[in-house]
Amino acid sequence: MGNCCDRAASFFGPQKNTNVRVGLPAVCFVWQIAMVVLFGVFIRYDEESDTHWVEFRRENNITSDIENDFYFRYPSFQDVHVMIFVGFGFLMTFLKRYSYGGVGFNFLIAAFGLQWALLMQGWFHSLNPETGKITIGVESLINADFCCAGSLIAFGALLGKVSPVQTLVVALFGVTLFAVEEYIILDLLHCRDAGGSMVIHCFGGYYGLAISWVLYRPNLHLSKRFHGAVYHSDLFAMIGTLYLWMYWPSFNSAITDHGDGQHRTAINTYLALASSVLTTVAISSMSKKGGKLDMVHIQNATLAGGVAMGTAAEFMIQPYGALIVGFCVGIISTFGYLFVTPFLEKYLKLQDTCGVHNLHAVPGMLGGFIGAITAAAATEAVYGAEGLRNTFDFEGEFENRTPGTQGGFQAAGTCVSIAFGLVGGVCVGFILRFPIWADPGDDNCFDDEVYWELPEDEEIVPPVLEYNNHMIHKHQEISESNFSVDQS
Amino acid sequence: MGNCCDRAASFFGPQKNTNVRVGLPAVCFVWQIAMVVLFGVFIRYDEESDTHWVEFRRENNITSDIENDFYFRYPSFQDVHVMIFVGFGFLMTFLKRYSYGGVGFNFLIAAFGLQWALLMQGWFHSLNPETGKITIGVESLINADFCCAGSLIAFGALLGKVSPVQTLVVALFGVTLFAVEEYIILDLLHCRDAGGSMVIHCFGGYYGLAISWVLYRPNLHLSKRFHGAVYHSDLFAMIGTLYLWMYWPSFNSAITDHGDGQHRTAINTYLALASSVLTTVAISSMSKKGGKLDMVHIQNATLAGGVAMGTAAEFMIQPYGALIVGFCVGIISTFGYLFVTPFLEKYLKLQDTCGVHNLHAVPGMLGGFIGAITAAAATEAVYGAEGLRNTFDFEGEFENRTPGTQGGFQAAGTCVSIAFGLVGGVCVGFILRFPIWADPGDDNCFDDEVYWELPEDEEIVPPVLEYNNHMIHKHQEISESNFSVDQS
Amino acid sequence: MGNCCDRAASFFGPQKNTNVRVGLPAVCFVWQIAMVVLFGVFIRYDEESDTHWVEFRRENNITSDIENDFYFRYPSFQDVHVMIFVGFGFLMTFLKRYSYGGVGFNFLIAAFGLQWALLMQGWFHSLNPETGKITIGVESLINADFCCAGSLIAFGALLGKVSPVQTLVVALFGVTLFAVEEYIILDLLHCRDAGGSMVIHCFGGYYGLAISWVLYRPNLHLSKRFHGAVYHSDLFAMIGTLYLWMYWPSFNSAITDHGDGQHRTAINTYLALASSVLTTVAISSMSKKGGKLDMVHIQNATLAGGVAMGTAAEFMIQPYGALIVGFCVGIISTFGYLFVTPFLEKYLKLQDTCGVHNLHAVPGMLGGFIGAITAAAATEAVYGAEGLRNTFDFEGEFENRTPGTQGGFQAAGTCVSIAFGLVGGVCVGFILRFPIWADPGDDNCFDDEVYWELPEDEEIVPPVLEYNNHMIHKHQEISESNFSVDQS
């Protein structure tokens, strides 16, 4: 039995070439071999994961193995890992016929990107000039996962409209740009951005939007039949949502300071997220006839509180401050889904499949500015002299920086991340327009059929209903007015 | 195409008003603003999450940041968090057309309740009389999640029969009652109840049952077409079951004593759960023709071991004791699903959608009494003098309490939790009977259509089959006895 | 409405007796009672989970409760627990009509096996000769979960072809054999095998394959209609895949040495897994028309990197070494799914439902040999004198063992695990051929209908389509050539 998709394609004329049989394996192999070579040249274990740890411990008077950084960060690392693969992955399964692509390409991008991230971030942050080696530990793994998150966010804007080879290109440049902007923001500007409102969400969001803008498809309506959810696909997406929501406190606190830093960041994030659930529900309900809730809002805008607290969560923003942040971004993000995404599509020719504008770009940018304000408002009275120094790392060449100056640099950092996202995204977008990437035709988007072997008997209802309608039509021709069919 | 639900409604006459467009946003906004104000007045970071931690550490001779309570409890907190949102949430997706409501309202209740819980529990347990502030840390977050669990259990009994506004009322009063009974049981009676057999499960179960009893719907059979599972909805529910089952050792051990307390609690819970799986399977298989297993039992009764060990798990009940507890409650809970729930519905007019009677109320009550017996049987020979004192907190004004007396108080605590659940539930039930809450009509229960925007093309089969049957019927009229349709 | 399965059965003649109403409850009850008795006789808390910990701590000058082994291992334990129940469980939901059996019997086997594992491993490893007691702690729980993994792997080869009673027999003997081979490999041969390439995967894989070979069903094609996936069942399986993939670093590092041991193992596993994703995608894409990806490969072969690093991950294999391992086994495993499984079925009469040959048996065996080579190549220059001693436990009677010798023993250990798997599996296979186990008929495999109460209205499409086709056929008879039906 031919399936409905082939039939549709033949109706719309010859299909675009979407064969990735050479390209995809070639990129994967070349890339993976390059990684092996570069890892061989550059990457080694750090002193906490090397067998010399026992000597290191003795020399540094470390009392116990439990003070190995592994025990401070590994549980958070695993939570972040779940967010990257299950959280982002399943959040993108909401389309009725692109669930494999959502979760599968997310898996591919992240596995591809994290290796490159270890190298890029290593060169910038932990290259030992004497040995020429990068040493890695659990914090490097967390940072590599974070770095992939930027590209996965960008993928959200492109979901269903790009080939797997293109997703790898997005990840390759995304990780590279990420490492550079992160170096500028965190090292040169000396910003604090533990949960990555700026470096991850703001950058990733605008990067994806800029690519999507360059790749605008005027005839995307031809794929309209696949552009929607079915009951169970939205339930799969809720798995992604909930894992992102639940583990976001770990995301923001994963690389903050030991002790009070991780502790406070987790509390603030927990509160901001709870608050944004309530305002999301409120706006979603207000916007529809009968007060019905929209799954798109529940799946996405509830997470905005976590994004917006990415920078400020480690500061003394106070519990009520966290609630206020969640309150506001929950509203803003839901309004984005209701009004801004349709506006962008109609007037700015920007097709944003998952609405990353509303979940990442804007809340991330706001998070950057909230961080700037919170930093600028910091005082020794609230933080304590030592606490202030520790929290903002006013040490070494930054010893004399004041909170006010720090606030200015935080705001500047946010602008840097937006600029990197937009400019980088436009460049990558043009690269992706070369006609060599086997991307799907306009009538073939959001369809797993193009890049996946699908099971023969599908449970997706539309073809069946179509089929029934077809039958009904035929029978009407035969039996004429003998009965009336309820085609409600 | 109008969908089957609209048609059904027009058949049964005018629908009840289920419009929540004003009520739901109003409650969410008012509530969230109240939370911001109250958090502003009352809630601050505790000394382990405040930037003054570095000074606190020095003053208290704490060797390392790893001794911050965060590292003792945060992994367990995240597990508990997953149980609350994914565990409880997905466990309630088993209905074919109420999966959004199950997971979505669960999300809403918990995000709403945990903020109120931080305040209520804070006022009772950690209000600093000098500063008038409540200070919070990771243990407060765990307790807030626990507190929500009580209301989520109650929601299980009401699933599909209440409006989202009603669920928030249930949570508001549920959290309040919880905080009071918890204060009486844990502080005044000085009971131990780490995993909350009494304060969470027994209270939550009876609270939900009492509400459901007051809200009895004599014509609920009109919603019968939605009251059942489909293949995949039961599989989604298994996600909930497994996460509850796997993380229950973290639930029970999350706030027990550092060191051996958390360690022993986790072991006991792990064993009781394993044991209740086997007896659940046994009874389920015995009860059906051909020995077929019933998903309802596997989804629920397998968890009874964790509920029943909520109090005793931190005591020296011994591994075989844990197995015996799991053995018995697995049987009791499965029997409950087979016989008690139908009995309650028929004779006591108590409609209990998820069977919380069998999973929470009864195992929780038993757990309370098991805890009482285990406490009463404690001896210095088994616990050691110091161990006995630590385990039961025989300190301060309770210095001279004996294990026997403690057992008596534990039993009394169980009774208090039942009383609070029943009396509180009846009162809340009457509040929920006011005709202002936009609850669904009797022919409209268990249907997401009422409160959710649903995707247009549903994959739920009944309408399609109905449609086909309709077609068949029509054709029979035409072609009369020309063929016989296999309407098996 | 009778369902299609009953109809099919009546077509193929009288069904085999699959009634487990006596057998399954009997086994569960007898077994669970035996466990209670044996736990009562043998099992107690160890010094870290006993209330005497506070005294033990003082006597051993342990500074803080945080040095209780619980805090080193509990987060990893929970991750392993998720892998066993959700990872293995959902990985086996890929069949369209055997999802309940996949996740449900997995649950049953593991809950059953872990109790027996605590006893078996306890007798071999931690029986106190003076008191005659086994003492357990968090490491015992991890080992019990590991021990179940062997039997769950074997279940993967048998999926859909055995009765629940048979799965329990597989687990009973599987756990027993596991404990013996583990004792030989780890204690007598003094191998290192933290993540169990040899003792878990290699043994479990060959054990399952040998059983499956003995239980060969020449007429399995009669169940062909159930032997395949549908769109959503493959998505459920991805939940299993991702949890296994994400938590594998915890699996391999759960019982390695405190400090650098756990740290390094996690890093190596993380890298190997990332690498095998890329080569799996490459080979999968190369193998199909149009470069389409096959879900079977993505679900399984991506995990091969974790299996193959089970032994070597705790050694100084270096990050690039881990990438190379993942690179190679990703290719080998995908080739296995493409060519070896069909070959085994056709020429060796070996039906391997989940392809455990390619995911566990072969990568596990390779992992054993990779471990042997890595061990043999170890030098004091790389490890440091102390590091070498710690990593390979060259202490006590093994003080003078050299890395070269260790390599030889590691290779021998791998052979022992294969031998145990094959010989044990053949024996258990013959036991399972007794006609008393109520296994399904050849026309009834891969069907949940046999052992589960199923919801009445199924959403699985085939019967509906069949039904429609049936209708069409009938109508053609009536209206003859009046219209042509598009039976594409």
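Is there a residue being closer than 28 Å to A:G429 by Cα and out of contact with any Gly (no Cβ under 8 Å at 6 or more places or on another chain) anywhere in the stretch A:199-212? Don't jump to the end; show me each part of the working.
Taking the stretch A:199-212 and keeping what is closer than 28 Å to A:G429 by Cα, we get A:199-212.
After this cut, where a residue has to be out of contact with any Gly (no Cβ under 8 Å at 6 or more places or on another chain) as well, the list is none.
No, because not a single residue in the stretch A:199-212 is closer than 28 Å to A:G429 by Cα and out of contact with any Gly (no Cβ under 8 Å at 6 or more places or on another chain).
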For residues that are out of contact with any Phe, Trp or Tyr (no Cβ under 7 Å at 6 or more places or on another chain) and in contact (Cβ under 8 Å) with a residue 60 or more places away in the chain, scanning just the stretch C:79-103, find the one that is nearest to B:W245 (Cα to Cα). C:H81
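Matching residues to (1) hydrophobic (A, V, I, L, M, F, W, C); (2) open to solvent by 10 Å² or more (accessible area, probe 1.4 Å); (3) in a helix (DSSP H, G or I):
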residue: C:L273; (1), (2), (3): yes, no, yes
residue: C:A304; (1), (2), (3): yes, no, yes
residue: C:I317; (1), (2), (3): yes, yes, no
residue: C:C328; (1), (2), (3): yes, yes, yes
Working only within the stretch A:264-290, note down all residues that are under 16 Å from A:Y337 (Cα atoms) and not aliphatic (A, V, I, L, M). A:S276, A:T279, A:T280, A:S284, A:S285, A:S287, A:K288
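Report whether or not C:S64 is at the interface with chain B (Cβ under 8 Å from one of its Cβ atoms) and small (G, A, S). Give the derivation first.
On the way: at the interface with chain B (Cβ under 8 Å from one of its Cβ atoms): yes; small (G, A, S): yes.
Yes: the conditions hold for C:S64.
If I filter the stretch A:375-392 down to residues being assigned to a helix (DSSP H, G or I) and open to solvent by less than 20 Å² (accessible area, probe 1.4 Å), which single residue comes out as farthest from A:D260 (Cα to Cα)? Before you say what the answer is, go through the steps one by one.
Let us first name the residues in the stretch A:375-392 that are assigned to a helix (DSSP H, G or I), namely A:375-376, A:380-383, A:385-392.
Retained after the next criterion (residues that are open to solvent by less than 20 Å² (accessible area, probe 1.4 Å)): A:375, A:383, A:387-388, A:391-392.
On the way: A:A375: 17, A:Y383: 12, A:G387: 10, A:L388: 12, A:T391: 10, A:F392: 13 Å.
Here the answer is A:A375.
For residues that are hydroxyl-bearing (S, T, Y) and in a loop (DSSP other than H, G, I, E, B), tally how many sit in the stretch A:207-230.
Taking the stretch A:207-230 and keeping what is hydroxyl-bearing (S, T, Y), we get A:207, A:212, A:216, A:223.
After this cut, where a residue has to be in a loop (DSSP other than H, G, I, E, B) as well, the list is A:216.
Residues that pass the stated criteria total 1.
Here's the yes/no breakdown for (1) in contact with an Asp or Glu (Cβ under 9 Å, 6 or more places away or on another chain); (2) surrounded by fewer than 24 Cβ atoms within 10 Å (Cβ to Cβ):
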residue: C:D65; (1), (2): yes, yes
residue: C:I84; (1), (2): yes, no
residue: C:G89; (1), (2): no, no
residue: C:F94; (1), (2): yes, no
residue: C:Y98; (1), (2): yes, no
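Look through B:R192, B:R225 and report the one residue that is at pLDDT below 95 and charged (D, E, K, R). Walk me through how you get there before you give the answer.
Details: B:R192 fails: at pLDDT below 95.
So the residue among B:R192, B:R225 that is at pLDDT below 95 and charged (D, E, K, R) is B:R225.
Do we find that B:G160 is within 28 Å of A:G290 (Cβ to Cβ) and surrounded by 24 or more Cβ atoms within 10 Å (Cβ to Cβ) in this structure?
Values: within 28 Å of A:G290 (Cβ to Cβ): yes; surrounded by 24 or more Cβ atoms within 10 Å (Cβ to Cβ): yes.
For B:G160, the condition - within 28 Å of A:G290 (Cβ to Cβ) and surrounded by 24 or more Cβ atoms within 10 Å (Cβ to Cβ) - is met.
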Any chance A:N128 is under 19 Å from A:T256 (Cβ atoms), open to solvent by 20 Å² or more (accessible area, probe 1.4 Å) and of a type outside the set (D, E): no
Unmet criterion (only one of (1) open to solvent by 10 Å² or more (accessible area, probe 1.4 Å); (2) modelled with pLDDT of 95 or more; (3) within 7 Å of chain A (Cβ to nearest Cβ)) for C:G259: (1)
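Take C:A375 and tell me if it is closer than 26 Å to C:G205 by Cα, touching a Cys at 6+ places or on another chain (Cβ under 9 Å), within 14 Å of chain A (Cβ to nearest Cβ) and not acidic (D, E). Quick ask: steps written out before the conclusion?
Working: closer than 26 Å to C:G205 by Cα: yes; touching a Cys at 6+ places or on another chain (Cβ under 9 Å): yes; within 14 Å of chain A (Cβ to nearest Cβ): yes; not acidic (D, E): yes.
Here the answer is yes, as C:A375 does meet what is asked.
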Here's a check for you: in the stretch B:283-302, which residue that is free of Cβ contacts under 8 Å to residues at least 24 places away in the same chain and in a helix (DSSP H, G or I) is farthest from the other protein chains (Cβ to nearest Cβ)? B:K289
Only one of (1) open to solvent by less than 20 Å² (accessible area, probe 1.4 Å); (2) small (G, A, S); (3) more than 16 Å from the chain's Cα centre (by Cα) fails for B:G240. Which number is that? (3)
Among residues of the stretch A:330-361, those that are crowded, with 24+ Cβ neighbours inside 10 Å and of a type in the set (S, T, N, Q), counted: 4
Taking the stretch C:1-39, which residues are modelled with pLDDT under 95, open to solvent by less than 50 Å² (accessible area, probe 1.4 Å) and farther than 20 Å from C:Y451 by Cβ? C:G13
For the stretch B:179-196, state whether one or more residues are under 14 Å from the mean Cα position of the chain (by Cα) and part of a helix (DSSP H, G or I). no
C:V54: β-branched (V, I, T) and out of contact with any Asp or Glu (no Cβ under 7 Å at 6 or more places or on another chain), yes or no? no
Quick test for you: out of A:H190, A:H227, A:H232, A:H201, pick the one residue that is crowded, with 22+ Cβ neighbours inside 10 Å and either at positive phi or within 14 Å of chain B (Cβ to nearest Cβ) (or both). A:H232
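From the list A:F29, A:F85, A:F72, which one is in a helix (DSSP H, G or I) and more than 7 Å from chain C (Cβ to nearest Cβ)?
On inspection, the qualifying residue turns out to be A:F72.
Among the residues of the stretch A:324-347, are any of a type in the set (D, E, K, R) and away from chain B (no Cβ under 13 Å)?
As a first pass, look at the stretch A:324-347 and keep what is of a type in the set (D, E, K, R): A:345-346.
From the residues that got through so far, the ones that are away from chain B (no Cβ under 13 Å) too are A:345-346.
Taking every residue of the stretch A:324-347 in turn, at least one turns out to be of a type in the set (D, E, K, R) and away from chain B (no Cβ under 13 Å).
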In the stretch C:235-256, anything polar (S, T, N, Q) and at the interface with chain A (Cβ under 7 Å from one of its Cβ atoms) is listed as C:S250
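Conditions (1) in contact (Cβ under 8 Å) with a residue 60 or more places away in the chain; (2) away from chain C (no Cβ under 14 Å); (3) open to solvent by 50 Å² or more (accessible area, probe 1.4 Å), marked per residue:
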residue: A:V423; (1), (2), (3): yes, yes, yes
residue: A:V426; (1), (2), (3): yes, yes, no
residue: A:F430; (1), (2), (3): yes, yes, yes
residue: A:D439; (1), (2), (3): yes, no, no
residue: A:W452; (1), (2), (3): yes, no, no
residue: A:P455; (1), (2), (3): no, no, no
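Among the residues in the stretch C:95-103, are any farther than 25 Å from B:Y231 by Cβ, touching a Ser or Thr at 6+ places or on another chain (Cβ under 9 Å) and within 9 Å of another protein chain (Cβ to nearest Cβ)? Reasoning before the result, please.
At the first step, the residues of the stretch C:95-103 found to be farther than 25 Å from B:Y231 by Cβ are none.
For the stretch C:95-103, residues farther than 25 Å from B:Y231 by Cβ, touching a Ser or Thr at 6+ places or on another chain (Cβ under 9 Å) and within 9 Å of another protein chain (Cβ to nearest Cβ): absent.
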Could you identify the single residue in C:D65, C:D79, C:D69 that is within 20 Å of the chain's Cα centre (by Cα) and among the charged types (D, E, K, R)? C:D79
Tally of residues being closer than 11 Å to B:R44 by Cβ and in a helix (DSSP H, G or I) across the stretch B:121-139: 1
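The values are calculated or read from the model by the stated rules, or taken from the named source; none is laboratory data. Quick caveat: nothing in here was measured; it's all calculated off a predicted structure. When we count neighbours, we look across all protein chains shown, and the Cβ atoms used for this are built from the backbone with ideal geometry, even at glycine. Surface areas here come from the heavy atoms of the whole protein model, side chains and all, with no ligands, DNA or RNA. Shrake-Rupley method; radii C 1.70, N 1.55, O 1.52, S 1.80 Å.
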